[in-house]
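Written out below as structure tokens is the structure these notes cover.
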Amino acid sequence: MSSNQGYSITTYRFRLRCSHPEWLIRTQELYDGIVKFYYDLLLAHEELWGLNSQEILRSLEFLSLPGKEKRSPQTPLPWEDVPPYFRRAAINGGIAAAKSFLSRKRAVDDADRNEAEDADTDRKADGFDAYPSGEKWIFSRVSRAGIPAEEIHSAVVYYSRMYRDFSSEHITLKVWDGEKWNWLGCRLSGRDFPQNARMLSPSVVPEGSFLMLHVPVREPVENISPVKKRLEDGGNICGIQFTNGDAFAVASICDANGKETAVKFFNGGLEYSHHCRKVLDKISSSADSLGDSPEGLANRKYWVHLKHLREHYAHQVSREIIRFCEEHHTDIIVLPKYKSDYTRNVMKGAGKWSPLDLSTRVRSYLRYKAWKSGIIVMETYAGGTGTVCAKCGQPLIEESGKSKECICRMGHRVNRYLNTARNLAVKCRRQFQERESG
Ligand SMILES: [Zn+2]
């Protein structure tokens, strides 16, 4: 492997068809039961919380299984003849869910009241918590922040020995039919796996009335040369500024000589907040008419809809930014960085479900999408980038609130956000050069 190579992981999704879909449901139920068992077991053993996942896994097995020496375990696993690889996948699911719960609980305990309220909005928005856990998504229904999940649903991950004959058209899975384990042949439809890729453990995920197979695919990525090398080679920098208006983001690309080569506004912010508002209205009117609380079960579908809206737009915006950067041969994307209390206040002012609020998610999607395209994402403190003209460096003296246009002392007129994006790209390069010469 050359030193300029890294890896990226993308989830490929296949439609799965088989003669016994009900066996997959039985398998899922068994898996959920085992995940929940180990989740509870870990939460009951505080002395294990500080260990790493591998040590926790071994300890949980010791507590629940007789082992080779046929001990009587302290808390025996209530299911027999569970294949070891199936059990291990479920234990890892339980550990991930418990760790996430503990870190959320710590955050809530530590935080002041405002932050606790923010966390609460997030929870309602999701209806249930969803968080990535290595190769899969886990959903756990929580009753209240700080209280352990009553049930956990975690897509079954098929470790090696739980599947065979795997291609982009077919897989044979080892599944539980309620009485015994069977090999079940399944047909797959979706795109082909890329060359040189490695398929990681697949999972079966129900989506509406379909069964899907999610497969994390590991691919080599070229060009991971670090920032320093890229700037020395005369790489292009794309400065990004997020806004709370119709533009989710504004981008300005500048080349090694500091010359701007491209500009783009990524619009759709007003459409997004309009969609969100319509769903929020439905939640409040449904809560009124049912006498239910807004976060009650009847409104779950609306919260899920909101969550999907947020993900859809965040994916779309980040995808458009990456495409733009690829078209203009960008090496580095630079995002504005702020002090955390500043971010908190600005986000609060912008409001949940606003275009600016979406930027948090766009940032994280940009990171992994950029990595796949061989682009580095960095952050530079935004201080000073909003107060001077990018063209001449003179202070901005006037701003029209409505058009977001500002004028500098020399009379240059420019969109305020574009001006900031330009300054950010320039600041990023200058800081690097100063570090090099100093
Ligand atoms: Zn100027």
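Could we say that SER167 is closer than 30 Å to ASP81 by Cα, modelled with pLDDT of 75 or more, within 19 Å of the chain's Cα centre (by Cα) and of a type outside the set (Phe, Trp, Tyr) here? No: the conditions fail for SER167. Taken over region 204-248, the criterion of being polar (S, T, N, Q) and in contact with a Pro (Cβ under 9 Å, 6 or more places away or on another chain) is satisfied by GLN241, THR243, ASN244.
Number of residues in region 417-437 that are farther than 18 Å from ILE332 by Cα and either within 11 Å of the ligand (Cβ to nearest atom) or buried (at least 19 other Cβ atoms within 10 Å of the Cβ) (or both) equals 2. So which of GLY258, GLY234, GLY208 is surrounded by fewer than 22 Cβ atoms within 10 Å (Cβ to Cβ) and either closer than 18 Å to GLY374 by Cβ or among the aromatic types (Phe, Trp, Tyr) (or both)? Among GLY258, GLY234, GLY208, only GLY234 is surrounded by fewer than 22 Cβ atoms within 10 Å (Cβ to Cβ) and either closer than 18 Å to GLY374 by Cβ or among the aromatic types (Phe, Trp, Tyr) (or both).
Table: residues versus (1) in a helix (DSSP H, G or I); (2) out of contact with any Gly (no Cβ under 8 Å at 6 or more places or on another chain); (3) of a type in the set (Asp, Glu); (4) modelled with pLDDT under 95.
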site: ASN4; (1), (2), (3), (4): no, yes, no, yes
site: ILE9; (1), (2), (3), (4): no, yes, no, yes
site: LEU16; (1), (2), (3), (4): no, yes, no, no
site: GLY33; (1), (2), (3), (4): yes, yes, no, no
site: PHE37; (1), (2), (3), (4): yes, no, no, no
site: LEU51; (1), (2), (3), (4): no, yes, no, yes
site: ILE56; (1), (2), (3), (4): yes, yes, no, no
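Screening the candidates GLN74, GLN54 for the property of being loosely packed, with under 12 Cβ neighbours inside 10 Å and within 24 Å of PRO202 (Cβ to Cβ) yields one hit, GLN54. For region 71-93, a residue qualifies if it is among the hydroxyl-bearing types (Ser, Thr, Tyr) and more than 24 Å from LYS174 (Cα to Cα), and the qualifying residues are SER72, THR75.
Out of the residues in region 403-416 that are of a type outside the set (Gly, Ala, Ser) and under 17 Å from VAL250 (Cβ atoms), state the one that is farthest from the ligand (Cβ to nearest atom). Looking at the filtered set, the residue picked out is LYS404. For GLY383, the conditions (1) at pLDDT 90 or above; (2) away from the ligand (no atom under 16 Å from the Cβ); (3) in a loop (DSSP other than H, G, I, E, B) are fulfilled apart from (1). Applying a threshold of 8 Å to beta carbon distances and a minimum spacing of six or more residues, or different chains, the list of pairs starting in region 394-408 at a residue that is modelled with pLDDT under 85 and ending at one that is near the ligand (Cβ under 10 Å from one of its atoms) and not polar (S, T, N, Q) reads GLU398/CYS406; GLU398/ILE407; GLU399/CYS406; GLU399/ILE407; SER400/CYS406.
Considering only region 330-341, I want to know if a residue exists there that is crowded, with 18+ Cβ neighbours inside 10 Å, in contact with a Pro (Cβ under 8 Å, 6 or more places away or on another chain) and not in a helix (DSSP H, G or I). So far as region 330-341 goes, no, none of its residues is crowded, with 18+ Cβ neighbours inside 10 Å, in contact with a Pro (Cβ under 8 Å, 6 or more places away or on another chain) and not in a helix (DSSP H, G or I).
The values are calculated or read from the model by the stated rules, or taken from the named source; none is laboratory data. Fair warning: this is a prediction, and the values are worked out from it, not measured in the lab. Neighbour counts are summed over all protein chains in view; Cβ atoms, including those assigned to glycine, are modelled from backbone coordinates with ideal geometry.
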